[in-house]
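For reference, the structure is listed below as structure tokens.
The values are calculated or read from the model by the stated rules, or taken from the named source; none is laboratory data. Since this is a predicted model, take the numbers as computed values, not measurements. Here the Cβ is made from the backbone with ideal geometry for all residues, glycine too, and neighbour counts use every protein chain on show.
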Amino acid sequence: MAAVRAIRSEWTKIRSVASTVWTLSLAVVVTVAVGTLLSALSNSQFDNMPARERLSFDPTVISFAGMTLGQLAMIVFGVLVVSNEYSTGMIRVSLAAVPQRGTFLFSKVAVAAALALAVGLVTSFAAFFLGQAMLGPHRAGIGDPGVLRAVFGGGLYMTLIAMFSMGVAAMLRSPMLSLGILMPFFFLISNILGNVDATKKIGRFLPDQAGNRIMQVVPRVGDDTPYGPWAGLGIMALWVIAALTGGYLLLKRRDAQ
Amino acid sequence: MIELEGLTKRFGEKVAVDHLTFSVRPGIVTGFLGPNGAGKSTTMRMILGLDRPTAGDVRIDGTHYDRLKDPLTYLGALLDAKAVHGGRSAYNHLLCLAQSNGIPASRVAQVLETVGLTAVARKKAKGFSLGMGQRLGIAGALLGDPRILMFDEPVNGLDPEGIHWIRNLMKSLAAQGRTVFVSSHLMSEMALTADHLVVIGQGRLLADTSMADFIRANSRSYVRIRCPQRERLRDVLHQAGITVVEAGGGALEVEGGKAEQIGELAARYGLVLHELSPQQASLEEAFMQLTAEAVEYHAQAGPEPAPRDWGAGWKEA
């Protein structure tokens with residue numbers, strides 16, 4: 001079973017480098033810490049909020065506020081998992097051992113995505129429960145309608161962000177180039193495109209804008225997003241498929257440098 | 001057995017490998033020789049399926065590399081000793097390779113022992129010297145106990161003791177009936193290890209011959225003579241049936257090892273000799289001549305470097 005062997009090999013690779021531990025721990029710590037902090041802040045400032053905001057207050061989303069930053073660590077994780085092969089020259093040894101390039105790439109992505117999912121779910125549940133604990137009277141319960149979906153969705157969102165980064169890194173090969181594009185894009189550009197009126201209609205189909213819909217429980221006032229939470233995650237998954245397909249086709253075609 | 005047939009690789013306009021056809025046979029060490037930039041590494045990368053040939057074909061035991069099941073158990077290769085993730089330990093580097101080809105983990109400890117890296121097996125590869133990295137690469141090549149081994153410039157960065165070790169390793173692997181294909185840009189190194197020689201220059205095949213034949217054809221011995229009474233000496237030698245050629249700088253050259261005979265003739269006719277020295281053209285010179293037209297990166301024109309001793313090259317490597 002070539003695929004099973006390749007997966008075991010990729011698991012050894014991923015667990016034997018320090019970058020895996022520090023990127024994933026950073027993702028957990030940043031997401032949970034910032035979410036908890038902002039939840040505490042919202043609780044103390046709730047009475048000063050405008051009525052409109054109080055009406056559409058979404059305690060679940062508030063506890064996930066740290067994901068904007070935490071996802072950056074997930075992006076670094078996804079980029080490094082793939083581009084490490086190129087920056088170290090290991091790709092030549094790896095492809096000599098597993099010459100079926102599809103098996104090589106998708107084993108790597110499968111292992112890294114499984115790890116990202118485990119860490120993402122832990123992060124999401126921790127951020128939710130700690131955040132709600134801070135929200136006091138305004139908190140949501142895990143049994144409330146739509147909440148469990150949002151918490152699971154948070155873990156899926158982080159996994160998909162990491163997978164999208166893997167696809168981009170497989171296309172670009174260079175870690176610096178990949179990070180130089182993905183970090184500013186997800187931290188700034190996508191948010192601007194998704195919130196400015198002129199670009200909103202297109203911007204909300206970007207992977208993170210569509211995907212983070214899954215974490216919303218209470219709809220915003222005047223929200224006219226043309227897709228629901230699962231469809232939003234589906235749009236994000238399509239982006240992931242596109243990035244990975246691009247990475248695979250280029251890997252298959254190019255000389256292994 | 002590795003078989004190349006019309007193997008060609010173009011990078012844009014530049015032809016790196018040009019219709020190479022030869023085979024690498026089991027049971028002997030085959031040296032793959034060529035100046036830097038001749039296309040040796042590109043050829044080896046195509047053998048491993050890392051680079052796609054522009055034209056032609058290369059087969060391992062009759063099959064394309066990417067069709068081999070568990071390829072590391074057929075062909076082990078050391079291409080680039082630095083192709084390792086520096087943050088990974090030597091043990092884990094070899095373990096991930098072993099797992100991908102269904103090789104038991106116990107084999108990792110074995111090959112680490114073989115190359116002498118057991119003591120640093122748990123150390124991160126980035127702390128390794130070039131020589132240790134080379135040994136780790138060789139351990140990776142030996143991992144699957146393959147019938148075919150391929151080494152790209154394996155003595156680079158090794159100390160004299162390491163060079164001695166790798167030479168013996170290659171010879172013993174070949175003696176076990178394995179196919180050993182090793183590249184170098186040093187003729188002197190090849191002369192000590194290889195039984196068969198494939199020479200390329202600018203991607204083209206220049207020679208495919210046994211080492212013994214190459215030495216026979218190319219190791220010319222001659223006598224160099226300098227004499228203030230040149231014309232007189234020429235006549236004397238001519239009468240004795242010895243052919244003399246002008247050799248620049250006022251010196252004369254005579255083919256073969258006739259130094260004693262020439263000395264005796266000179267004494268008999270009362271001729272003064274300033275030099276009477278038997279010379280041996282080195283294989284390095286023969287190789288330089290063979291590849292002279294095919295060398296891509298000529299050094300700046302300048303004074304000729306002093307002729308080097310036979311075997312001097314490897315000391316610098």
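As a summary of the residue check, A:Tyr86 satisfies the conditions (1) surrounded by fewer than 23 Cβ atoms within 10 Å (Cβ to Cβ); (2) over 30 Å from B:Gly49 (Cβ atoms) except for the one numbered (2). List the number of the failed condition for B:Ile166; all other conditions in (1) in contact (Cβ under 8 Å) with a residue 60 or more places away in the chain; (2) of a type in the set (A, V, I, L, M); (3) touching a Pro at 6+ places or on another chain (Cβ under 7 Å) hold. Status for B:Ile166: all satisfied but (1).
Among the residues of segment A:201-227, those that are assigned to a helix (DSSP H, G or I) and in contact with a Leu (Cβ under 8 Å, 6 or more places away or on another chain) comprise A:Ile202, A:Gly203, A:Pro207, A:Gln209, A:Ala210, A:Gly211, A:Arg213, A:Ile214. Scanning segment A:137-159 for residues that are in a helix (DSSP H, G or I) and over 13 Å from the mean Cα position of the chain (by Cα) yields A:Pro137, A:His138, A:Val147, A:Leu148, A:Arg149, A:Ala150, A:Val151.
One residue stands out in segment B:11-37 among those that are farther than 18 Å from B:Glu153 by Cα and among the aromatic types (Phe, Trp, Tyr): the one that is surrounded by the most Cβ atoms within 10 Å (Cβ to Cβ), namely B:Phe22.
Residue by residue through segment A:97-128, note down the ones that are away from every other protein chain (no Cβ under 14 Å) and free of Cβ contacts under 8 Å to residues at least 24 places away in the same chain. Scanning segment A:97-128 gives A:Ala114, A:Ala118. Taken as a whole, the condition of being under 24 Å from A:Pro184 (Cβ atoms) and of a type outside the set (Ser, Thr, Tyr) applies to A:Met158. The set of residues in segment B:14-38 being out of contact with any Ser or Thr (no Cβ under 9 Å at 6 or more places or on another chain) and at pLDDT below 95 consists of B:Lys14, B:Asn36, B:Gly37. Being in contact with a helix residue (DSSP H, G or I) (Cβ under 6 Å, 6 or more places away or on another chain) and either on the phi > 0 side of the Ramachandran plot or outside any helix (DSSP H, G or I) (or both) is the filter; apply it to segment A:160-200 and report the residue that is surrounded by the fewest Cβ atoms within 10 Å (Cβ to Cβ). So the residue we want is A:Thr199. For first residues located in segment B:112-139 and of a type in the set (Ser, Thr, Tyr), partners that are at pLDDT 95 or above and lie 6+ apart or on another chain with Cβ distances below 6 Å form the pairs B:Thr118/B:Leu112. Picking from residues in segment B:65-88 that are more than 7 Å from chain A (Cβ to nearest Cβ) and surrounded by fewer than 21 Cβ atoms within 10 Å (Cβ to Cβ), the one that is nearest to B:Ala139 (Cα to Cα) is B:Thr73. Checking the stated criteria, B:Ser106 turns out not to satisfy the condition of being hydroxyl-bearing (Ser, Thr, Tyr) and at the interface with chain A (Cβ under 7 Å from one of its Cβ atoms).
Remark: pairs (first residue in segment B:236-253, within 16 Å of B:Tyr269 (Cα to Cα); second residue surrounded by 15 or more Cβ atoms within 10 Å (Cβ to Cβ) and modelled with pLDDT under 85; Cβ separation under 8 Å; 6+ apart in sequence or on different chains) = B:Ile242/B:Lys258. Please tell me if B:Thr8 is in contact (Cβ under 8 Å) with a residue 12 or more places away in the chain and surrounded by fewer than 21 Cβ atoms within 10 Å (Cβ to Cβ). Spelling it out, B:Thr8 is indeed in contact (Cβ under 8 Å) with a residue 12 or more places away in the chain and surrounded by fewer than 21 Cβ atoms within 10 Å (Cβ to Cβ). Taking segment B:205-234 as the range and being over 16 Å from the mean Cα position of the chain (by Cα), touching a residue at least 60 places away in the same chain (Cβ under 8 Å) and over 15 Å from B:Ala191 (Cα atoms) as the test, the residues that pass are B:Arg220, B:Ser221.
Filtering segment A:9-16 for residues that are in contact with a strand residue (DSSP E or B) (Cβ under 9 Å, 6 or more places away or on another chain), free of Cβ contacts under 8 Å to residues at least 12 places away in the same chain and over 22 Å from A:Arg254 (Cβ atoms) leaves a non-empty set.
Scanning segment B:131-173 for residues that are within 14 Å of chain A (Cβ to nearest Cβ), closer than 18 Å to B:Gly86 by Cα and of a type in the set (A, V, I, L, M) returns B:Leu136, B:Ile138, B:Ala139.
So, in segment B:45-64, of the ones that are farther than 17 Å from B:Ile148 by Cβ and of a type outside the set (D, E, K, R), which residue ends up surrounded by the fewest Cβ atoms within 10 Å (Cβ to Cβ)? Here the residue is B:Ala55. Summed over segment B:69-126, residues that are assigned to a helix (DSSP H, G or I), in contact with a Lys or Arg (Cβ under 7 Å, 6 or more places away or on another chain) and among the polar types (S, T, N, Q) total 2. Pairs are defined by a Cβ separation below 7 Å, a sequence spacing of at least 6 or placement on different chains, a first member in segment B:89-101 that is closer than 15 Å to A:Ala96 by Cβ and at the interface with chain A (Cβ under 7 Å from one of its Cβ atoms), and a second member that is surrounded by fewer than 24 Cβ atoms within 10 Å (Cβ to Cβ) and among the charged types (D, E, K, R); the pairs so defined are B:Gln99/A:Arg5; B:Gln99/A:Arg8; B:Ser100/A:Arg5; B:Asn101/A:Arg5; B:Asn101/B:Asp70.
Just one of (1) within 21 Å of the chain's Cα centre (by Cα); (2) within 14 Å of another protein chain (Cβ to nearest Cβ) fails for B:Lys9. It is (1).
Just one of the numbered conditions (1) part of a helix (DSSP H, G or I); (2) farther than 18 Å from A:Thr123 by Cβ; (3) not aliphatic (A, V, I, L, M) is not true of A:Pro99: (1). Here A:Ser94 does not qualify as within 14 Å of another protein chain (Cβ to nearest Cβ), under 24 Å from the mean Cα position of the chain (by Cα), under 17 Å from A:Ala169 (Cα atoms) and part of a helix (DSSP H, G or I).
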